[in-house]
Each structure stands twice: as C-alpha cells, then as structure tokens.
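The structure appears right after this line, and notes come after that.
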Amino acid sequence: MTDSAGVPLLRVENLIRSFGGIKATDNLSLDVLPGELHAIIGPNGAGKTTLISQLTGQLMPNSGAIHFAGRDVTAVPAYQRSRLGLARSFQITSLLRDFTAIDNVAIAAQAHDGHSFRFWGAARKEKHLRDAAQAALTRVGLGQRANVLVSELSHGEQRELELAVALATKPQLLLLDEPMAGLGVTESARMVALLKELRKEVTIVLVEHDMEAVFALADRITVLVYGRVIASGDPDAIRNNEEVKRAYLGDQHAVTRHG
Amino acid sequence: MKSSTINARNVVVALVALGLTLLPVYSALTGNIFILTLFTRIIIFALAAASLNLIMGYGGMMSFGHAAYLGIGGYAVGILAFEGIGSGFIQWPVALAASALYALVIGALSLRTRGVYFIMITLAFAQMAYYVTSGLSRYGGDDGLTIYKRSTFGGLIDLSNRTQFYYLCLACLFGGIYLIWRIVNSRFGMVVQGVRSNEQRMQAIGYHANRYRLVCFVISGTICGLAGALLANNTDFVSPAGMYWTRSGELMVMVVFGGMGSLFGPVIGTIVFLLLEELLSQFTEYWALIMGPLLLLIVLFARGGIMGVLGRLSRD
C-alpha cells in the first residue's frame, strides 16, 4: 500500500492476538500515512478495541509487528509509546475523576515535559504546564470548565476532555476509540467539527460506530470483521464494496445513505 | 477551597498545632508530667501515621505492614546503642537508611500486586520482620532490647530532657508534614495521586506507574523509620511486639480516623485514637470493644474521617 505518497507513520504487519480459541486480531496488516485520518470500522466484536490496545501497548500481540515513525515498537511498553508520540482516547471514558479538568490535562502535559521525579516545587504553579493545559481545554471547547472536577462534568464534556488529554501529550498519532460513544446529536456534531479541525494537524486513527461521522471525516477506511481486514480504501470504495455491505447487513442503510 | 481560609477545618488544625506547641508550658505550669509523656508518644505515632497516609491516602497503597518501619528504625537505634555506638548522628541515619532499604526491597516485590494481595503481602513481610527480630537472641530476642542510653547529639540536644525531647519529636512531626505537603503538591505528587485515581490512564499518557509508586513507598517508609528511632528513644526499649500486625492495624485506624488523603488528618486521628485508648482503658480492659464500633461508625457515616466531616462543615 505504500506508494510514492510517503512512508507510513504507522505500519502494522501480520498482527495476531487470540484470547483462548478466539482470534480477536487475525493476521491483520494496516498502514496509516502521515496526515491522514484513517477510520477503522466493523461490527461489534470485530476486534477494533483489541487492535487499538495493541497499538498503544496495553495489550501485547501473540505475533506480528508494529512500526511507528520508522521504529519497531512491538515490544515497547505503553508508557514509552506515549513518549514517542502515540496518544489514545478510551472508548469508555478513562480520566482522573477526582481531579479537575485542567489537572487532568496538565498531568498529561507534564508527562512530556522533562521528568516527574521533582518533589519540591508546586506542580500547579508551573505556568507553562497550566498554559498548555488551558490551551488544550480551550481547543476542545472546555476553556470555561477548567476548574470543574471531572466527576461533575457531563458525559459529553468528559469525551471532549479525553481528547484534550490526548492532545496535551503532543502526539504525532492520535488513536481515538469511539469518541462519539454515548454522545447526543448536538454533541456529536460538535465532536465532528472538532475532529475536522484536529485532522489538519495530527494523523488520526478513528474507531467509530457513527457511520455518518466516519464518512464525513475519513480519508481512508479499513473494515474489520472477526479481526480480519475485509476491505480498505477511500470512503467511496468502501461504500460500494459488496463484502462490506454484506458484513453490515443490519447497518447497510447507514453505510449507503451518504453519497 | 481557596475561597476562605478561615473555616472549621483550618481552625481546628491551627488550634491543635498551637496546643501541641504550648503543651510543655502547660505541663510545666501544672506539674503534669503525665500529659507530656502521653503527648510525646502521640506525636511520634502521628508522624508514623502521616507517613502511612502518604502511601495510603495519596498513593492508594494499602500497606498493612507499616509497623515494620517503626521496628526497623527502633532496632537500628537499639542495636547500635547496645554495640556501644551512642551517637544519634550515626544511629539515626542508619535507622533511616535501613528503613529505606527495607521499603525498597519490600516495595519492589509487593508493588507487583494490587488490592487485597498488596495488603496481604505487606502484612506477610512485616510479620517476617517480626519473626526475624524475635530470633535475634543477641539483642534480646522475644523479650526485646533495653536501651540504656538515649541517642546523643554532641551536646546539641539532650533527649533525656522531657521537654527537649518533646520539641524534637514535634519538630520532626511538623517537618514531616511539611515535607509531605511539598511532595503531594509537586510533580511527583501529582503523578502518584494520578496513579491512585486511574493507573491505566496514567500509563497511556506516558507514566511508568510503578516507579512512582515505589519511590513514594520508600519515602513513606523512611519517614516512618524516623518515627521508629524517636519511639525507641521515648520508650528506651525496642521489641518485636512493636512490629506485630496489630500495630500496623492501629496505624491504619489512626489514618482512617483522621481522614485519608488529608494532610493533617493523621495527626488528629492519632490524637483521637490514643486519647480514646487512654481514657477507655481506665474504665475497662476491653476498650477495643468500644473502639471497634466507633471505627465502624466513622467508616460508615463519616467518609473522609474527622477531617472530612470538618471539611463538610466548612462548606455549609
């Protein structure tokens, strides 16, 4: 798939991961080019989150390789991948609930700003961390909510905060695991608008069930079924792919509606 | 929280700090020596509880073996005194270093586990320390080791003087709390608390969670080792009994009483716990029968302990 367009930022080769007898990732290969928004779709149980977890290093594959920014990161632990510029958001919101919104983002910024074995100075008074955090919050539309505890933010706001946290790590590649999950219509529209802005600056891998959003945003779409890639191409090609239509029988309407 | 500095919680903290500072004056005026010795003990345990609070309250590490550090710090002083090395300038650094080393080894092993397993493994290691010291026949074994001469500091301070010793303990407590305050609000402290809140999230944004946990564990153990050195000087005696798991449990109760994750909470908790123990044991030897239900009530109805309740009062 690599052509003259350039070296892929992320290259997944023959990845296999099984749980018991079930292959959640079945000989999966995938390229993500710099600057593109690459969507990964598939029915429930297709292994999308399993794939994301292997990309971020939370889960180790049984075999296969993952290359990121020209480096083999297959065996690199999660925290180091984050340092290399790989950030993720979680399908089920995963934040520091007893911290404020700005603390959540500042801690993420801190992880990528020197080391954290500093025991004396007050972290909340480090202006550049707070400024970076505030900027990321403003970016996702939470500028006014900086000092609110995460547990008191609405679900939609928490989804946005997930994004701000990921952005604060200054990623080269953003892995978004269903950022629209549980969002209402207006919130989803806001998220799509936000992602449209973000994709100009950062390469994004988007796992999403909301087909409307996927087809509105993606440069390229990869379709997974039972851990295997059944199709990969631009939105038009995917929309007209017979095998995809079959896999999405129930959702066929959603796939074909936009065009 | 920033809105008003004058609230129930801060007033109580200020009054307690002032009371502790002026206590020797009261003792001298009234000739009540008992209260001075009682509070010396309270202050030492408050330091131990504060160190436990650092990992339990802020770090989310439920160590059930914290009494081991009291013992290790104490035995370092006791053994060196027994071997003729009386200088605190040697005894105390050894006490701290031994506690830190023990924490490093125990932490590196225990922190592979979480939850109940962590509680159990820290408990098991502390019990091992208990049995090891019981076997030190040269140093009294089961019966413990009497310290005939308190640590000397080249004439700078006389630990046999009740008032001087009291103020030394108090300085260690205030110093320890100040240190913990700085740590909690530092970059390091933010990471430790973040890991308590959501380890997976912290890994995902680039932190190697266990490294921070381990360092926090060692700092806590070292501070508690200092409390151990103080305690040995206070009682002129160290014994394996001081490392028994019930002692670790008492430290946990002190922290929970006062309020986990509250800076001054362990001090309040220790004062309440040890005063209650003192009072109740005058009436009945079954004082634990009253203490137990009391703890239950606090856990059930006063989340965040005494400091939590005061904090809620402040907000209204």
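Nothing in this text is a laboratory measurement; each read-out follows from the coordinates by a stated rule. Everything numeric here is computed off the predicted structure, so don't read it as measured data. We place every Cβ from the backbone using ideal geometry, glycine too, and count neighbours over all the protein chains shown.
Numbers for the structure displayed
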quantity	calculated
Burial order of peptide ranges A:89-97, B:44-52 (average beta-carbon count within 10 Å, highest first)	B:44-52, A:89-97
Formal net charge of residues neighbouring residue A:156 (Cβ-Cβ distance under 15 Å; K, R +1; D, E -1)	-4
Shielding by partners, peptide A:119-130 (average Cβ within 10 angstrom, other chains)	4
Relative contact order (%) - criterion: Cα under 8 Å, at least six apart; region: chain B	32 percent
Relative contact order (%) - segment B:253-308, alpha-carbon pairs under 8 angstrom, separation at least six	44 percent
Sequence-separation-based contact order of chain A, relative, with Cα cut under 8 Å and 6+ spacing, percent	25 percent
Selected from A:86, A:173, A:194 as most flexible by GNM, with chain A as the system and alpha-carbon contacts under 10 Å	A:194
Unit charges on C-beta of K, R, D, E only; dipole of segment A:87-157, Debye	140 debye
Helix A:127-139 vs. chain A, principal-axis angle (Cα, 0 to 90°, nearest 10)	40 degrees
Between 0 and 90°, nearest 10: helix A:155-168 axis offset from chain A longest Cα axis	80 degrees
Base-10 log of normalised Debye intensity for chain B (one unit scatterer per alpha-carbon) at q = 0.08, 0.10, 0.11 Å⁻¹	-0.35, -0.56, -0.68
Positive dipole terminus of segment B:182-257, leading residue within B:192, B:254, B:226 (C-beta point charges)	B:192
Segment B:1-57-segment A:1-57 distance, computed between alpha-carbon centres (Å)	58 Å
Cα gyration tensor shape of segment A:1-93, rounded if a/c is under 1.5, else prolate or oblate by comparing a/b with b/c	rounded
Size of charge dipole - chain A - debye, nearest 20, with Cβ of Lys, Arg +1 and Asp, Glu -1, no other charges	580 debye
Helix runs (DSSP H) in chain B reaching 24 Å along axis by Cα, Kyte-Doolittle at least 0.5	B:8-30, B:33-53, B:88-110, B:115-134, B:162-185, B:209-235, B:265-283
Most to least packed among B:181-194, B:278-291 [average Cβ atoms within 10 Å]	B:181-194, B:278-291
Pairwise FRET efficiency - residue B:182 versus residue A:237, Cβ, R0 = 60 Å, nearest 0.05	0.55
Cut-off 11 Å between beta-carbons: net charge of the residues surrounding residue A:25, Lys and Arg +1, Asp and Glu -1	+3
Net +/- balance of residues flanking residue B:64 in space, Cβ distance below 12 Å, scoring K and R +1, D and E -1	0
FRET efficiency, residue B:282 to residue B:235 (Cβ-Cβ, R0 25 Å, nearest 0.05)	0.75
Cα gyration tensor shape of segment B:1-126, rounded if a/c is under 1.5, else prolate or oblate by comparing a/b with b/c	oblate
B:172, B:216, B:224 arranged by Cβ crowding within 10 Å, fewest neighbours leading	B:172, B:216, B:224
Span from the segment B:199-241 Cα centroid across to the segment A:181-226 one, whole angstrom	46 Å
Extension reserve of the residue A:29-residue A:125 stretch, reckoned as 0.36 nm per residue once the Cα distance is removed	30.0 nm
Positive dipole terminus of segment A:94-170, leading residue within A:158, A:144, A:114 (C-beta point charges)	A:114
Chain B, helix-only ellipticity at 222 nm - DSSP H runs n ≥ 4, -39,500 (n - 2.57), divided by all residues, nearest 500	-24500 deg cm²/dmol
Dimensions in Å of chain A - Rg and Dmax from alpha carbons	18.5, 62
Test item: Cα-centred dipole of segment B:52-243, Lys/Arg +1 and Asp/Glu -1 on Cβ, debye	680 debye
Computed Kirkwood radius, in angstrom, where 1/r is averaged over Cα pairs of segment A:94-170	12.2 Å
Shielding score for A:105-114, defined as the mean number of other chain Cβ atoms within 10 Å	4
Tensor-based shape of the protein assembly as shown (alpha-carbon gyration tensor, a/c under 1.5 rounded, otherwise prolate or oblate)	prolate
Estimated distance in nm for a label pair at residue A:115 and residue A:193, the labels positioned 7 Å out from Cα along Cα-to-Cβ	4.5 nm
Other-chain or far-sequence residues with amide H under 5 Å of residue A:88's (modelled H)	A:175
Rounded tilt (10° steps) of A:185-198 against the dominant C-alpha axis of chain A	80 degrees
Average beta carbon contacts from partner chains per residue of A:159-168, 10 Å cutoff	1
At R0 = 41 Å, FRET efficiency that the Cβ-Cβ distance of residue A:44 and residue B:5 yields, to 0.05	0.20
